[in-house]
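Readers should treat all values here as calculations from the given coordinates under stated rules, not as data from a laboratory. Predicted, not measured: the structure shown is a model, and the values here were computed from it.
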Amino acid sequence: MADFSERLSADHIAMIEGQPVFFTATAADEGRINLSPKGYDAFRILAPDRVAYLDLGGSGNETNAHLLADGRITIMFCNFQQPALILRIYGTGIPVLPQDDAWDGLATHFTLLPGTRQIFDIKVESVQTSCGWGVPVMALEKERATLLKFHAKQDPADWVDQVAGPATSIDGLPVRQTDRFIAGAFPPGTETR
């Protein structure tokens, strides 16, 4: 049975902090629904009604385009250990880019990683928990360092044009692009393969 609340509770926060991966879903009025897995130490709870996550350059920038077009976002956490639990955060968000006035204050909550292109700032509108009994029990072996290594070796002069992401979504929606390369080092303990 699903339970809803308007804000994140201490129990919700404890569950979130124990998860090595989360999933984001966004959509616009028309076109494809975007669903993305996220890893690394990239998620922050700023307040019971506000969360954010760090986004690195990748194969596309659908979340940015969808938030500009529609604003809605769902974030899902699954407890792959015991007890079984699924937690969804429903809210609205905005992309905050390094050139934005809000960047400096928001970025202080994160260790910026190579390839950082934006932070998604999300207002929590509701939180849902459900049983998760159909989710398997799994253990994290390690984080993949491939994306960090890729970005760390990029030429800062070329990164924005070549790597930061396309100017439109796969459905042709506009994307706000970063205008700068964020330098950064590998976090301690990061594997090299």
Checklist line | Residue-averaged 222 nm ellipticity for the chain, from DSSP H runs of 4+ at -39500 (n - 2.57), nearest 500 | finding: -4500 deg cm²/dmol
Item checked: Amide proton proximity set for residue 113, modelled H, under 5 Å, gap of 5+ -> none
Notebook entry, point to check: Normalised by the number of residues in the chain, what is the relative contact order in percent for Cα pairs under 8 Å and 6+ residues apart?
Noted result: 26 percent
Notebook entry, point to check: Which lysines, on any chain, are close to residue 142 with Cα under 27 Å apart, when same-chain ones fewer than 8 places away are left out?
Noted result: 38, 153
Notebook entry, point to check: Quick one: Debye curve from the C-alpha atoms of the chain, no solvent, what's log10 I(q)/I(0) at q = 0.09, 0.12, 0.13, 0.17 Å⁻¹?
Noted result: -0.33, -0.61, -0.71, -1.21
Check: For the range 1-69, which semi-axes, largest first and in whole Å, follow from the square roots of 5 times the eigenvalues of its Cα gyration tensor?
Finding: 24, 16, 11
